[in-house]
Every structure is written in C-alpha cells, then in structure tokens.
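So that we are looking at the same thing, I have put the structure below in structure tokens.
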Amino acid sequence: MRITATTVAVSLILGVDLQPVRAALYAVDQGAPTPANGFFAAWYQDTHGRVLDLCLSRAKSSMVPGSSMCTLIPSAGVFDDIRPISFPGNFPDEAFWFTGETLISDAASGIDLLHVSALEAAFNGELPAEGDPISFARIRIRVTVPSAGTYTVTHPYGVDVFQVDAPGTRAIDMTRDIGIGAPGDFRGALAGSLGP
C-alpha cells in the first residue's frame, strides 16, 4: 500500500487504521482430550475464526508429490511413521497445529538464515505419556553472518534486532517458546506471536 498525505488525512477523519489486518491466536479447545490426539487439545482458533487442527494425518499432498500434509517426524523407538499412529505405543514425540520453515542462503553476502515458526505439541518428559502433553508457540531464528554488527530480521510475526560481536556460524541463535505451562494446560500458547 502506498501511503500519501491524502491517505493519512482520510484515515484520521474516518478514524480507521489502514495497517494490514493480521489474525492472532484467540482460543484453544477446552474439550476432554482423547488418546487419538495424544491427550492434546484438538484445535486452536484465530481471531478470524479459522481453526488449526492438530495435524496427525499421513495423507499425501496433492500439490507437492511425495510430501505429506503433516510434519510427522520419525523417532527411533518412539514413533515409526510407517506404522499406524497409536497412543502411546507409536505416537510422535512432537506434532504441530502449524509449522513453517524458511531457509535463505545468500552466498554473495555470506548470510544464511533459518526462520522457524510453529504451534507445537510435545511432551514435558519428552516421551509420549498420558498426563504429560504440553504446547507452545515457537519462533526460532538462526543466522550465520560474516561480520560483526547489528542485524534486523523482519518476519511475519515481528521484528527482531540482534547485536553480533562474534560473527560466524549461528552467530544469531534465538529460540522463543511461549506458553509452556503445566501439562494439559494449552492456554499459554495463546500469548505467542503466531497467527495463521
């Protein structure tokens, strides 16, 4: 959007804010969790009414051949993604209501950036167990930089500024997990900066 003096005057007169509207997490399922979903909340909802279900499907993507609709990560002795999902015998130790990952490599500048955003389901004791599920909203930024200085990372959920004194691999290594509360209390993730 191009902002001009006229746009500002009109927005002031009408009392409207012409900034982009972004949804934020608003509600979480308060129903009784079941073994089918690992005793996690079944869904989160944003301020626009969109619902994010806990993604445990092994369905294949019709848009990207060979890839799955959900991120289900195999874990030796815990979760075999070839066998049917069952709790607790073959259940992922982490799953997602939402996850996104971006990798930007710029050989000319020497900067490599990884940005992860996720609304994650995990277990407090790391292994699937009833009474132990937790959730959190995660933002992770890892950047390899060639020189010291101030670096600003602008991403869909905010702006983070980092002062780097020692350049190199993962000179910037930030993980922000919001909402880890008592097992079974999934409301804390609502305070994270994520939104669909």
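The values are calculated or read from the model by the stated rules, or taken from the named source; none is laboratory data. Predicted model only: the values in this text are computed from it and were never measured. All Cβ positions, even for glycine, are placed from backbone atoms using ideal geometry, and neighbour counts span all protein chains on display.
What are the residues in segment 85-121 that are closer than 20 Å to Pro133 by Cα and not in a strand (DSSP E or B), if any?
The answer is Ile85, Phe87, Pro88, Gly89, Phe91, Pro92, Asp93.
Assuming Asp185 fulfils every condition listed in (1) closer than 21 Å to Phe40 by Cβ; (2) crowded, with 16+ Cβ neighbours inside 10 Å apart from one, which condition is it?
(2)
I'm trying to understand the selection: among the residues of segment 38-52, which are loosely packed, with under 15 Cβ neighbours inside 10 Å and charged (D, E, K, R)?
As a first pass, look at segment 38-52 and keep what is loosely packed, with under 15 Cβ neighbours inside 10 Å: 47-51.
Residue satisfying the conditions is Arg50 alone.
Still on this model: Quick one: which residue in Asp177, Asp132, Asp165 is surrounded by fewer than 12 Cβ atoms within 10 Å (Cβ to Cβ) and more than 25 Å from Ser68 (Cα to Cα)?
Values: Asp177 fails: surrounded by fewer than 12 Cβ atoms within 10 Å (Cβ to Cβ); Asp132 fails: surrounded by fewer than 12 Cβ atoms within 10 Å (Cβ to Cβ).
When all the criteria are applied, what remains is Asp165.
Condition check ((1) over 26 Å from Gly184 (Cα atoms); (2) among the hydrophobic types (A, V, I, L, M, F, W, C); (3) modelled with pLDDT under 95) across all residues:
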| site | (1), (2), (3) |
| --- | --- |
| Arg50 | no, no, yes |
| Gly66 | yes, no, yes |
| Val78 | no, yes, no |
| Phe87 | no, yes, no |
| Ala107 | yes, yes, yes |
| Leu119 | no, yes, no |
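Of Ala121, Ala191, Ala137, Ala129, which residue is aliphatic (A, V, I, L, M), closer than 18 Å to Asp29 by Cβ and touching a Pro at 6+ places or on another chain (Cβ under 7 Å)? Break it down stepwise before answering.
Numbers: Ala191 fails: touching a Pro at 6+ places or on another chain (Cβ under 7 Å); Ala137 fails: touching a Pro at 6+ places or on another chain (Cβ under 7 Å); Ala129 fails: closer than 18 Å to Asp29 by Cβ.
Step by step, each of Ala121, Ala191, Ala137, Ala129 is checked, and only Ala121 is aliphatic (A, V, I, L, M), closer than 18 Å to Asp29 by Cβ and touching a Pro at 6+ places or on another chain (Cβ under 7 Å).
How do the pairs read when you match residues in segment 66-84 that are more than 18 Å from Ala36 (Cβ to Cβ) with residues anywhere that are aromatic (Phe, Trp, Tyr) and surrounded by 10 or more Cβ atoms within 10 Å (Cβ to Cβ), using Cβ under 9 Å and keeping only pairs 6 or more apart or on different chains?
Thr71/Phe96; Ile73/Phe79
From the list Asp132, Asp160, which residue is more than 13 Å from the chain's Cα centre (by Cα) and within 13 Å of Ser193 (Cα to Cα)? If you could, list the steps in order and put the result at the bottom.
Working: Asp132 fails: within 13 Å of Ser193 (Cα to Cα).
After applying the criteria, what remains is Asp160.
Does Thr154 meet the test of being closer than 23 Å to Asp46 by Cα and of a type in the set (Ser, Thr, Tyr)? Quick ask: steps written out before the conclusion?
Details: closer than 23 Å to Asp46 by Cα: yes; of a type in the set (Ser, Thr, Tyr): yes.
Criteria met by Thr154.
Can you pull out every residue in segment 68-94 that is surrounded by 14 or more Cβ atoms within 10 Å (Cβ to Cβ), small (Gly, Ala, Ser) and under 16 Å from Leu54 (Cα atoms)?
Ser68
For segment 102-158, enumerate the residues that are touching a Ser or Thr at 6+ places or on another chain (Cβ under 9 Å) and among the charged types (D, E, K, R).
Those that are touching a Ser or Thr at 6+ places or on another chain (Cβ under 9 Å) and among the charged types (D, E, K, R): Asp112, Glu120, Arg138, Arg140, Arg142.
I'm trying to understand the selection: among the residues of segment 108-145, which are hydroxyl-bearing (Ser, Thr, Tyr) and touching a Gly at 6+ places or on another chain (Cβ under 9 Å)? Spell out the reasoning first.
Looking only at segment 108-145, we keep the residues that are hydroxyl-bearing (Ser, Thr, Tyr), and these are 109, 117, 135, 144.
Ser117, Ser135, Thr144 - these are the residues of segment 108-145 that are hydroxyl-bearing (Ser, Thr, Tyr) and touching a Gly at 6+ places or on another chain (Cβ under 9 Å).
Taking segment 64-81, which residues are farther than 29 Å from Tyr26 by Cα and either aromatic (Phe, Trp, Tyr) or not in a strand (DSSP E or B) (or both)?
First pass over segment 64-81, keeping only residues farther than 29 Å from Tyr26 by Cα: 64-67, 74-81.
Correct list: Val64, Pro65, Gly66, Ser67, Pro74, Ala76, Gly77, Val78, Phe79, Asp80, Asp81.
Hey, another quick one. Keeping to segment 28-63, report how many residues are out of contact with any Lys or Arg (no Cβ under 7 Å at 6 or more places or on another chain) and in a strand (DSSP E or B).
9
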